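Here the structure is laid out as structure tokens; the discussion comes afterwards.
The values are calculated or read from the model by the stated rules, or taken from the named source; none is laboratory data. Since the model is a prediction, treat every value here as computed from it, not as a measurement. A quick note on method: Cβ atoms are made from the backbone with ideal geometry, for glycine too, and the neighbour counts reach across all protein chains shown. Surface accessibility is based on the protein's heavy atoms, side chains included, excluding ligands, DNA and RNA. Shrake-Rupley method; radii C 1.70, N 1.55, O 1.52, S 1.80 Å.
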Amino acid sequence: MSIKPLVILPDPVLRLVSKPVERVDASLRKLADDMLDTMYDAPGIGLAAIQVGEPLRMLVIDVAKEGEPKAPHVFINPEIVEQSGEASIYEEGCLSIPDYYAEVERPATVRVTYLDREGKPQEVAAAGLLATCLQHEIDHLNGVLFIDHISKLKRDMVVRKFRKLAKDRPPSRMVG
Ligand code: GNR
Ligand code: NI
């Protein structure tokens, strides 16, 4: 079990487009387990590999409610193959943008294909919070953040605030 440091806005790593996973092996499963540990510790309901600095197309989700048994899920190379015309609005947050929340409108339901932690192809039809969370995480794989779905005015305010915070904070990852 290991908890990894989270990549925080405005780290440019969050804007990378993650690469498809080529082999589902023991080291990838170890990364998935570390991501789940990191997500539960935060706590959060989802986490993309890029949020722990790994530009790979893998994400973990657990949308079980408090008091329900844990329901960890690993999605490798996920793809949205169908989405509803109907939209729904959720208040979203992001572990890479701590303590900021905003309403985001997204398709209400999605169908997603992916590989599970054994490398076996799977498909899920998601609605509600799972649909929102899957779309939020798949956005991360493409370098997209939930603040990209809000007004430019609000986004600029958030980015400016986090730029200032980053200046007062020692970098968790040394560059160069
Ligand atoms: O923990 C999280 N909660 C959340 C709430 C509403 C919509 C999306 C999310 S995902 C977020 C964790 C995170 O940053 N995943 O990338
Ligand atoms: Ni996020």
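Quick notes on this one:
- Most to least packed among 107-115, 68-76 [average Cβ atoms within 10 Å]: 107-115, 68-76
- Cα shape, the chain, gyration tensor, a/c 1.5 rule: oblate
- Packing-based ranking, highest mean first, of 146-156, 126-136 given that Cβ atoms within 10 Å are counted: 126-136, 146-156
- Entries of Lys30/Lys70; Lys19/Lys152; Lys19/Lys120; Lys70/Lys120 with Cα pairs more than 24 Å apart: Lys19/Lys152
- Per residue, the range 45-104 exposes 53 Å² of accessible surface when a 1.4 Å probe is rolled over the protein heavy atoms with every protein chain present.
- Interchain or long-range residues, amide H under 5 Å from Tyr100's placed H: Cys94
- Couplings 3J(HN,Hα) of the range 52-67, computed from phi: 10, x, 10, x, 10, 7, 9, 9, 10, 9, 9, 9, 4, 6, 4, x Hz, in residue order, whole Hz [Karplus 6.51 cos²θ - 1.76 cosθ + 1.60, θ = phi - 60°; x for Gly and Pro].
- Within the accessible area of the range 38-108 (1.4 Å probe), percent carbon and sulfur: 47
- For the range 158-164, 3J(HN,Hα) computed residue by residue from phi via the Karplus equation (6.51, -1.76, 1.60; θ = phi - 60°) reads 5, 4, 4, 4, 6, 5, 4 Hz, glycine and proline entered as x.
- Take the convex hull of the alpha carbons in the range 14-68; its mean projected area over all directions comes to 4.2 nm².
- For the range 142-151, Karplus couplings with θ = phi - 60° (6.51, -1.76, 1.60), whole Hz, Gly/Pro x: 9, x, 9, 10, 5, 5, 6, 9, 9, 5
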